[in-house]
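The next block holds one structure in the form of structure tokens; read it before the comments.
The values are calculated or read from the model by the stated rules, or taken from the named source; none is laboratory data. Quick caveat: nothing in here was measured; it's all calculated off a predicted structure. Positions of Cβ are backbone-derived with ideal geometry, glycine not excepted, and every protein chain shown enters the neighbour counts. Each accessible area value is taken on the protein alone, full model and side chains, heavy atoms only, with ligands, DNA and RNA left out. Shrake-Rupley method; radii C 1.70, N 1.55, O 1.52, S 1.80 Å.
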Amino acid sequence: MGIELLDHFTINVSNLDVSTEFYTDVVGLRKGKRPAFSFGGAWLYCGRKPVVHLIDDETRRALRLKQSGGKEMKGTGALDHIAFQAKG
């Protein structure tokens, strides 16, 4: 399998508005269409491609608690995932 490109990365953020403002005003991405997930977030685009996905950490934490039956799930940091596009 060969990696062709970095597709997107997702970050759990404590303040969705401030984080969105940083990625739009400072980095130069633009906020765009996002699927209707059960938790808050934003998809930020570079051209026509959504490359940064922000997840509101509070609503995501509540969803994880529900899915785990109330057991707190520990994470390794704010980076949720990175997605590569590959061939083969």
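What number of residues within the stretch 46-61 satisfy the criterion of being open to solvent by 60 Å² or more (accessible area, probe 1.4 Å) and over 19 Å from Glu21 (Cβ atoms)? Explain how you work it out, then say what you get.
Looking only at the stretch 46-61, we keep the residues that are open to solvent by 60 Å² or more (accessible area, probe 1.4 Å), and these are 46, 48-49, 58, 61.
Checking the rest, the ones that are also over 19 Å from Glu21 (Cβ atoms) come to 48-49, 61.
Adding up the residues that qualify gives 3.
Mind listing whichever residues of the stretch 9-40 are of a type outside the set (A, V, I, L, M, F, W, C), modelled with pLDDT under 90 and part of a strand (DSSP E or B)? Once the filter is applied, which keeps residues that are of a type outside the set (A, V, I, L, M, F, W, C), modelled with pLDDT under 90 and part of a strand (DSSP E or B), the stretch 9-40 yields Thr10, Asn12. Could you tell me which residue of the stretch 1-45 is surrounded by the most Cβ atoms within 10 Å (Cβ to Cβ), considering only residues that are more than 13 Å from the chain's Cα centre (by Cα) and of a type in the set (Ser, Thr, Tyr)? Among them, the one singled out is Thr24.
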